[in-house]
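The values are calculated or read from the model by the stated rules, or taken from the named source; none is laboratory data. Being a predicted model, the structure only gives us computed values, none of them experimental. Please note: Cβ atoms are built from the backbone with ideal geometry, for glycine as well, and neighbour counts cover all protein chains shown. Remember, those area values only see protein heavy atoms, side chains included, never the ligands or the DNA or RNA. Shrake-Rupley method; radii C 1.70, N 1.55, O 1.52, S 1.80 Å.
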Amino acid sequence: MATPEIPRCCPSCGKENPPDSTVCHFCGASTVERISLKIVSLGIVLLLAIAAAHFYLAMSYAPDYAAIPSLTPDRNFERVRVKGRVADVQIVREAYDHHQVRIELEGEGGGGRYSDNRISVRLEGEPANDFLSNPGFLNRGDLIDVAASLYAGDNYRHLSLSSMQFIRILEKGSGAPIDPSAASGSRYAPAAPAPKATVAELLADPEKFRDQVVIARPLEVVEVPEALPFFRVSDEGKPEPQLVVIGYKGELPAVGDQISVRGKFIYYEKKGYWEIQVRDWDKGAVIVLTDGTSE
Amino acid sequence: MDIFIILICCLAALAGVAIASVFSLIPGLHIYNVIAFTMMIAFAALDLFKTMDPLITTCFIMGLVVGFSVLFTVSSQFFQPCDDSYRSMMLPHERFLFEGRGYEAAMLSGIGSMFALLMISGLFPFVTGAIGTLRQLIRPHIYWILGLVSLFILMSEWPKDHGVGKTTGQRLADAWVQLGMGLFVFVVSGILGLFVFCNTIIPVDNAFQSLMPVFIGLFAIPSQLMTVIAHARIPKQYFAGSVDAAPQDLARGALTGTVGGMFSSLTPGLTPGPALLMSAHATASSGEKQFIIGGGTARVLYYIGALVLFFMPDVYMRRGGAAINISLFFVPETAEQYFLISGIIAVAGAASLLLLGRYCKFCANVTQKIDFRWISLGGMILLIAMVWYVTSWRGVVLMGVATALGMVPNFWHTRRIPLLAVLLVPVCLNMAGVGAKVASWFGFR
């Protein structure tokens with residue numbers, strides 16, 4: 001058996017050793033039992049081969065679409081992927097902070113409004129807002145792919161969508177475009193008339209106004225903390241009692257401004273105080289009052 | 001999936017690797033800080049950002065993470081040597097550096113990273129179900145697992161000054177000052193962590209970056225300060241064509257790293273450092289070479305493995321800063337996205353490994369031309385500027401407090417690992433359901 005050739009210079013630190021040293025006299029590294037760095041090149045080739053295989057799988061992947069009639073209560077809460085044509089879109093503005101978009105989806109083969117080949121895809125909150133800010137995104141007749149959670153029970157069945165990313169248009173249809181602004185209800189106003197009250201009135205009997213949309217006026221801004229998303233108000237000319245107004249994304253009023261605030265009167269349990277919560281889409285939530293201004 | 005989108009994603013990932021290779025030159029900079037910075041730029045140019053397919057941005061971030069996890073230790077190895085007074089607790093790669101073998105150490109670590117990359121891209125797709133099951137099994141037990149990790153950290157501290165005191169009392173005091181300061185650092189870091197988790201002072205718009213000034217203060221700035229005042233001289237480095245390791249070193253190092261990396265990637269609040277220490281005990285790993293290889297494997301499994309869990313069907317676990325940032329604009333859904341991400345990891349990993357050798361040589365040559373102290377000083381100024389930009393003066397104040405705490409291990413020669421209580425303690429308490437109660441004792445709630 002041939003003995004391995006022992007290098008004079010240490011392959012690790014490069015210093016010269018006495019002849020036949022199997023261990024470097026300077027750094028202690030073995031001069032014979034070593035692994036070539038070509039192993040890294042081998043690893044690179046393997047990684048590229050693995051990448052090619054993954055890309056092939058991604059390209060040839062066929063989604064497992066669930067047939068709409070098969071979405072029955074025994075599959076409740078299941079995450080499903082459905083393909084169908086947009087039959088209709090309804091935009092429901094139920095309350096101050098609720099938008100709901102309902103996309104009526106019809107499976108291949110059609111079947112009409114009340115057939116079991118049709119299901120409602122519902123978007124609420126952020127996905128609904130994203131949908132509404134993209135007019136023209138969907139047309140009636142578009143063939144779409146939807147990944148959503150199924151909610152099904154006695155006499156109800158719909159899909160709930162957690163993000164707009166989960167709607168993919170597979171084929172554009174020739175139907176009429178959907179215009180969110182044409183839907184019923186005003187976009188920037190509460191659904192019901194809001195009671196008017198002062199801060200003192202709100203805090204004197206808070207339960208009476210709990211979770212209601214209220215209009216508080218005339219108020220005076222007493223504090224606008226830097227870099228925090230709220231400001232404090234009191235009744236005009238009275239430093240106390242104060243209320244926090246939170247959630248307003250527009251230009252903040254200055255301390256001393258007389259304002260009117262529209263928002264939901266809620267109890268912030270974590271810190272234990274009442275506040276007016278403003279929705280970011282409500283552009284008229286805070287109005288700076290100049291003489292004679294009315295909201 | 002369209003070939004065009006795959007190609008664009010590959011290019012985005014390679015751009016991520018290229019940018020990571022530049023940022024990795026700054027010792028102490030963490031990839032999550034770079035991602036946070038990227039996200040701030042992306043949100044500033046929201047209109048442009050919204051027009052892009054979120055998959056492309058995701059692949060860009062994936063490239064950043066892969067490139068960084070393979071390359072970032074190189075600059076720390078070459079540009080942050082410890083002072084002579086720290087030789088007793090010097091890490092293996094520092095000894096290699098002072099023997100002119102920094103390149104070899106970096107390549108050993110790179111081989112460990114290569115094993116992890118092969119595992120994540122080649123093996124993980126076959127075991128998604130098993131990983132999902134493992135996650136479900138671990139989930140209810142995380143609080144006591146983290147409690148045991150904390151106990152391990154405290155129990156594994158040891159006195160490092162070898163009884164130089166003249167009297168028995170002095171020697172006892174010398175020993176217990178180090179042990180005591182380790183305990184002190186653990187407790188105070190835990191309280192700081194509770195404060196940051198419950199009641200941070202960071203402006204609300206960037207409150208999701210609350211941990212950034214704390215981590216930079218605890219770890220990066222003290223390291224750089226110690227480097228700036230160090231008196232070491234880095235010898236000329238030799239570029240070896242092979243590494244001093246036997247096949248069993250590769251196998252055991254990779255095994256240790258795999259256990260540690262998987263442990264840390266599946267356990268919230270745990271980082272690869274303590275996980276690797278524990279796995280080295282569990283697998284009876286021995287020697288510096290196995291430690292360095294294991295470190296490379298564990299680090300890549302922690303950073304990339306944890307992120308890939310976010311895309312994995314059956315798991316979809318949001319773990320770590322990169323996943324949290326990606327989840328701001330992208331929700332993974334389909335198996336084809338997972339295949340794409342696995343392929344992107346392999347491509348970005350291959351590119352990073354291809355860069356590694358030249359990158360090490362570049363860093364080794366830089367140490368001979370530029371004083372490493374200047375590099376650390378520059379890095380420190382950059383980090384402070386970044387903290388100021390992202391989190392305002394409030395973040396700088398928080399960073400200052402964390403830096404003071406981060407310097408304690410340097411003054412009293414304890415390990416820095418108890419500083420990780422900043423994560424371990426609040427996560428452990430929150431998982432146990434008593435986080436809010438304990439925080440209220442300190443007036444944080």
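Since A:PHE231 meets every condition but one in (1) farther than 29 Å from B:SER440 by Cα; (2) within 14 Å of chain B (Cβ to nearest Cβ), which condition does it not meet?
(1)
Regarding the stretch A:51-64, can at least one residue be identified that is under 29 Å from B:ALA105 (Cβ atoms) and at pLDDT 90 or above? Please lay out each step first, then the result.
Let us first name the residues in the stretch A:51-64 that are under 29 Å from B:ALA105 (Cβ atoms), namely A:51.
Adding the requirement that they be at pLDDT 90 or above leaves A:51.
There is at least one residue in the stretch A:51-64 that is under 29 Å from B:ALA105 (Cβ atoms) and at pLDDT 90 or above.
Which of the numbered conditions does A:ARG118 fail, given that it passes all the others? Conditions: (1) surrounded by 18 or more Cβ atoms within 10 Å (Cβ to Cβ); (2) within 14 Å of another protein chain (Cβ to nearest Cβ); (3) basic (Lys, Arg).
Against the list (1) surrounded by 18 or more Cβ atoms within 10 Å (Cβ to Cβ); (2) within 14 Å of another protein chain (Cβ to nearest Cβ); (3) basic (Lys, Arg), A:ARG118 comes up short only on (2).
Cβ-Cβ below 8 Å, separation at least six or inter-chain, first residue in the stretch B:20-33 and surrounded by fewer than 23 Cβ atoms within 10 Å (Cβ to Cβ), second assigned to a loop (DSSP other than H, G, I, E, B): which pairs?
B:PHE23/B:LEU29; B:TYR32/B:GLY320
Working carefully through the options B:ALA254, B:ALA207, B:ALA175, find the one that is within 14 Å of chain A (Cβ to nearest Cβ) and more than 30 Å from B:GLY443 (Cβ to Cβ). Write out each step before concluding.
Working: B:ALA207 fails: more than 30 Å from B:GLY443 (Cβ to Cβ); B:ALA175 fails: within 14 Å of chain A (Cβ to nearest Cβ).
From the options B:ALA254, B:ALA207, B:ALA175, the qualifying one is B:ALA254.
Tell me whether the stretch B:347-358 contains one or more residues that are assigned to a helix (DSSP H, G or I), in contact (Cβ under 8 Å) with a residue 24 or more places away in the chain, of a type outside the set (A, V, I, L, M) and open to solvent by 20 Å² or more (accessible area, probe 1.4 Å).
Taking every residue of the stretch B:347-358 in turn, none turns out to be assigned to a helix (DSSP H, G or I), in contact (Cβ under 8 Å) with a residue 24 or more places away in the chain, of a type outside the set (A, V, I, L, M) and open to solvent by 20 Å² or more (accessible area, probe 1.4 Å).
I'd like the full set of residues that are touching a Lys or Arg at 6+ places or on another chain (Cβ under 8 Å) and within 8 Å of chain B (Cβ to nearest Cβ), limited to the stretch A:42-64. Give the steps one after another, and end with the answer.
Initially, the stretch A:42-64 is screened for residues touching a Lys or Arg at 6+ places or on another chain (Cβ under 8 Å), giving A:63-64.
If the condition is that a residue be touching a Lys or Arg at 6+ places or on another chain (Cβ under 8 Å) and within 8 Å of chain B (Cβ to nearest Cβ), then A:PRO63 is the only one that fits.
Mind checking whether some residue in the stretch B:405-417 is open to solvent by less than 20 Å² (accessible area, probe 1.4 Å), in contact with a Pro (Cβ under 6 Å, 6 or more places away or on another chain) and either aromatic (Phe, Trp, Tyr) or within 18 Å of B:LEU29 (Cα to Cα) (or both)?
Our first condition is that a residue be open to solvent by less than 20 Å² (accessible area, probe 1.4 Å); within the stretch B:405-417, this holds for B:405-406, B:408-409, B:414.
Checking which are in contact with a Pro (Cβ under 6 Å, 6 or more places away or on another chain) leaves us with B:406.
Still in the list and also either aromatic (Phe, Trp, Tyr) or within 18 Å of B:LEU29 (Cα to Cα) (or both): B:406.
For the stretch B:405-417, residues open to solvent by less than 20 Å² (accessible area, probe 1.4 Å), in contact with a Pro (Cβ under 6 Å, 6 or more places away or on another chain) and either aromatic (Phe, Trp, Tyr) or within 18 Å of B:LEU29 (Cα to Cα) (or both): present.
Among the listed residues B:GLY357, B:GLY349, identify the single one that is modelled with pLDDT of 95 or more and within 14 Å of chain A (Cβ to nearest Cβ).
Values: B:GLY357 fails: modelled with pLDDT of 95 or more.
Matching residue, one of B:GLY357, B:GLY349: B:GLY349.
Exactly one of (1) surrounded by fewer than 18 Cβ atoms within 10 Å (Cβ to Cβ); (2) modelled with pLDDT of 90 or more; (3) under 24 Å from A:LYS270 (Cβ atoms) is unmet by B:VAL438. Its number?
Only one criterion in (1) surrounded by fewer than 18 Cβ atoms within 10 Å (Cβ to Cβ); (2) modelled with pLDDT of 90 or more; (3) under 24 Å from A:LYS270 (Cβ atoms) is unmet by B:VAL438, namely (1).
If you go through the stretch A:29-41 one residue at a time, do you hit one that is part of a helix (DSSP H, G or I), at the interface with chain B (Cβ under 8 Å from one of its Cβ atoms) and not polar (S, T, N, Q)?
Yes.
Here are some conditions: (1) free of Cβ contacts under 8 Å to residues at least 24 places away in the same chain; (2) surrounded by 13 or more Cβ atoms within 10 Å (Cβ to Cβ). A:VAL82 meets all but one. Which one does it not meet?
A:VAL82 satisfies all of (1) free of Cβ contacts under 8 Å to residues at least 24 places away in the same chain; (2) surrounded by 13 or more Cβ atoms within 10 Å (Cβ to Cβ) except (1).
Looking only at the stretch A:146-157, filter to residues that are farther than 16 Å from A:PRO127 by Cα and assigned to a strand (DSSP E or B); which one of those is nearest to the other protein chains (Cβ to nearest Cβ)? Can you show your working first?
Taking the stretch A:146-157 and keeping what is farther than 16 Å from A:PRO127 by Cα, we get A:150-157.
Right, trim to assigned to a strand (DSSP E or B) and you get A:150-153, A:156-157.
Values: A:LEU150: 15, A:TYR151: 18, A:ALA152: 20, A:GLY153: 24, A:TYR156: 24, A:ARG157: 21 Å.
Per the stated criteria, the residue is A:LEU150.
Within the group A:ALA95, A:ALA147, A:ALA67, which residue is among the small types (Gly, Ala, Ser), surrounded by 19 or more Cβ atoms within 10 Å (Cβ to Cβ) and either over 19 Å from the mean Cα position of the chain (by Cα) or modelled with pLDDT of 85 or more (or both)?
Working: A:ALA95 fails: surrounded by 19 or more Cβ atoms within 10 Å (Cβ to Cβ); A:ALA67 fails: surrounded by 19 or more Cβ atoms within 10 Å (Cβ to Cβ).
Going through A:ALA95, A:ALA147, A:ALA67 in turn, the sole match is A:ALA147.
Of everything in the stretch A:9-24, what is more than 7 Å from every other protein chain (Cβ to nearest Cβ) and touching a residue at least 12 places away in the same chain (Cβ under 8 Å)? Give them in sequence order.
Narrowing the stretch A:9-24 to residues more than 7 Å from every other protein chain (Cβ to nearest Cβ): A:9-10, A:15-24.
The answer is A:CYS10, A:LYS15, A:ASN17, A:PRO19, A:ASP20, A:SER21, A:THR22, A:CYS24.
What residue, among those in the stretch B:404-445 that are hydrophobic (A, V, I, L, M, F, W, C), part of a loop (DSSP other than H, G, I, E, B) and farther than 25 Å from B:SER264 by Cα, is nearest to the other protein chains (Cβ to nearest Cβ)?
Taking the stretch B:404-445 first, the residues hydrophobic (A, V, I, L, M, F, W, C) are B:404-405, B:407-408, B:411-412, B:417, B:419-425, B:427-429, B:431-432, B:434, B:436, B:438-439, B:441-442, B:444.
Those left that are additionally part of a loop (DSSP other than H, G, I, E, B): B:434, B:442, B:444.
With farther than 25 Å from B:SER264 by Cα added as a condition, the list becomes B:442, B:444.
Working: B:PHE442: 16, B:PHE444: 12 Å.
If we take residues in the stretch B:404-445 being hydrophobic (A, V, I, L, M, F, W, C), part of a loop (DSSP other than H, G, I, E, B) and farther than 25 Å from B:SER264 by Cα, then B:PHE444 is nearest to the other protein chains (Cβ to nearest Cβ).
In the stretch B:102-192, which helices (runs of 4 or more DSSP H) lie fully inside it and hold 3 or more residues that are open to solvent by 20 Å² or more (accessible area, probe 1.4 Å)?
B:128-138, B:142-155
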